[in-house]
Amino acid sequence: MRCLALNASFEPLTVVPVRRVRRLVIEGKAEIVEAEGNEPVRSERLVLPRPAIIRLVRFVHVPRRFRRQVTNTFLFARDEYRCQYCSRAVHELRHRECLTRDHLVPLSRGGTNDWTNVVTACSSCNTKKGNQLPEEAGLYPRVPPHEPHFVHLSWAVRRLTATQAKYIRLFYGDAALRALGGLQPAGVLTLA
Ligand SMILES: [Zn+2]
């Protein structure tokens with residue numbers, strides 16, 4: 001099980017493995033906000049409840065460039081694991097097809113890796129578009145690409161326990177949780 005880490009401000013930051021959480025707590029850098037389940041996590045010196053939520057003792061400033069970083073994992077999650085050109089979902093792809101990153105303006109023509117220039121494309125559509133602009137290829141994304149909220153992405157690729165969901169709702173409201181509800185868990189990414 002993984003643990004949800006909150007900033008000192010209670011802003012949900014990310015999920016971290018329990019082993020790392022244990023060290024943070026022992027070193028006094030984080031406090032356990034909620035534990036889940038009865039199974040204690042044993043270390044050499046003490047027994048801790050299994051933490052579900054921790055809160056950093058000191059506020060951590062998260063650089064904007066980190067939040068904006070585009071990885072395929074997050075890109076596919078933003079686009080709901082669906083090719084933005086032919087609309088097929090990852091489970092509808094044929095054998096040997098996979099999800100890829102497509103640049104609306106190709107890198108070779110001055111395009112960037114910014115969120116607003118990249119979309120999820122199946123390998124067939126990506127090949128068809130090749131080195132062309134959308135208007136040249138006649139291929140337009142079904143949703144104009146946008147920069148998503150980092151926390152939405154974090155949750156789109158991971159499973160959320162009920163206790164952890166409570167803290168997302170607390171900070172972002174129900175809309176954020178609903179937006180995540182329709183997305184698929186990370187398991188499908190193994191196909192890509
Ligand atoms: Zn496609």
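The values are calculated or read from the model by the stated rules, or taken from the named source; none is laboratory data. This is a predicted model, so every value here is computed, not measured. Here the Cβ is made from the backbone with ideal geometry for all residues, glycine too, and neighbour counts use every protein chain on show. All accessible areas refer to the heavy atoms of the entire protein, side chains included, with ligands and DNA or RNA removed. Shrake-Rupley method; radii C 1.70, N 1.55, O 1.52, S 1.80 Å.
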Checklist outcome for this item: Within segment 134-180, of all residues that are at pLDDT 80 or above and open to solvent by less than 40 Å² (accessible area, probe 1.4 Å), the one nearest to the ligand (Cβ to nearest atom) is LEU139
Checklist entry - When you scan segment 52-131 for helices (runs of 4 or more DSSP H) that lie fully inside it, which ones turn up with 2 or more residues that are away from the ligand (no atom under 14 Å from the Cβ)? => result 64-68, 72-78
Checklist entry - Has segment 105-113 got any residue that is open to solvent by less than 40 Å² (accessible area, probe 1.4 Å), within 18 Å of VAL70 (Cβ to Cβ) and touching a Phe, Trp or Tyr at 6+ places or on another chain (Cβ under 9 Å)? => result no
